[in-house]
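Contents: one structure, followed by commentary.
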Amino acid sequence: MERSLFSELHHIGAIVSDVDKVARYYESLGIGPFESLDLKHKARERRLRGELADDLKLISIMVHIGPLRLELIEPVAGEKSLWREFLEKRGEGGSHLCFFVDDIDKVEAALSNKEQEGIKVVYRTRFQDGGGAIYFESDKIGGLIFELTQWPPEY
């Protein structure tokens with residue numbers, strides 16, 4: 001039996017205006033410490049709704065809370081940014097659930113045929129060393145954004 005795309009929740013993502021300020025506040029509540037996500041993999045391509053979005057820059061930090069992780073993301077640069085859009089439309093808050101997958105290309109191909117069901121891939125990236133990520137909206141029902149990620153082999 002094939003494993004569900006949603007069988008390995010990695011983290012919950014939140015978009016914030018100032019990661020340092022939010023981290024200090026959460027740490028004062030006993031949630032922490034936060035760690036910088038010094039990503040070892042670099043994006044070789046980023047697309048937002050099909051258009052190149054290579055000027056994107058984010059600050060991202062993460063904390064372990066039991067078996068889960070909370071990621072705080074601050075959009076810093078880039079006019080075409082899913083994270084900036086979220087912040088401008090909804091303000092700070094929970095934005096997405098991230099799940100790990102084994103084959104991001106296979107998953108993206110399977111999801112590309114589901115737009116009539118309300119699943120719409122809105123952001124995609126591929127990493128220089130392999131793997132990548134896609135974000136898709138589920139606007140018809142629930143309104144959540146899902147991130148599906150495949151890490152490069154050596155990560």
Condition first: modelled with pLDDT of 85 or more and out of contact with any Leu (no Cβ under 8 Å at 6 or more places or on another chain). Now tell me which residues in the range 111-127 satisfy that. R124, T125, R126, F127
Leading residue by the ranking (surrounded by the most Cβ atoms within 10 Å (Cβ to Cβ)) among those in the range 1-34 that are assigned to a loop (DSSP other than H, G, I, E, B) and polar (S, T, N, Q): S17
Could you check how many residues of the range 125-150 are buried (at least 18 other Cβ atoms within 10 Å of the Cβ) and acidic (D, E)? 2
Please name all residue pairs, on different chains or six or more residues apart, with Cβ atoms under 6 Å, provided the first residue is in the range 106-128 and is hydroxyl-bearing (S, T, Y) and the second residue is open to solvent by less than 80 Å² (accessible area, probe 1.4 Å). Y123/L48; Y123/L82; Y123/Y135; T125/A43; T125/R46; T125/G132; T125/A133
Which ones in the range 52-99 are assigned to a loop (DSSP other than H, G, I, E, B) and open to solvent by 50 Å² or more (accessible area, probe 1.4 Å)? D54, D55, G66, P67, E79, K80, E92
Specify which of the listed residues (V122, V107) is surrounded by 13 or more Cβ atoms within 10 Å (Cβ to Cβ), in a helix (DSSP H, G or I), out of contact with any Ser or Thr (no Cβ under 6 Å at 6 or more places or on another chain) and of a type in the set (V, I, T). V107
Just one listed residue, out of E35, E71, is free of Cβ contacts under 8 Å to residues at least 40 places away in the same chain and in contact with a His (Cβ under 9 Å, 6 or more places away or on another chain), and it is E35
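The values are calculated or read from the model by the stated rules, or taken from the named source; none is laboratory data. Fair warning: this is a prediction, and the values are worked out from it, not measured in the lab. Every residue, glycine as well, gets a Cβ built from its backbone with ideal geometry; the counts of neighbours run over all protein chains shown. Surface areas here come from the heavy atoms of the whole protein model, side chains and all, with no ligands, DNA or RNA. Shrake-Rupley method; radii C 1.70, N 1.55, O 1.52, S 1.80 Å.
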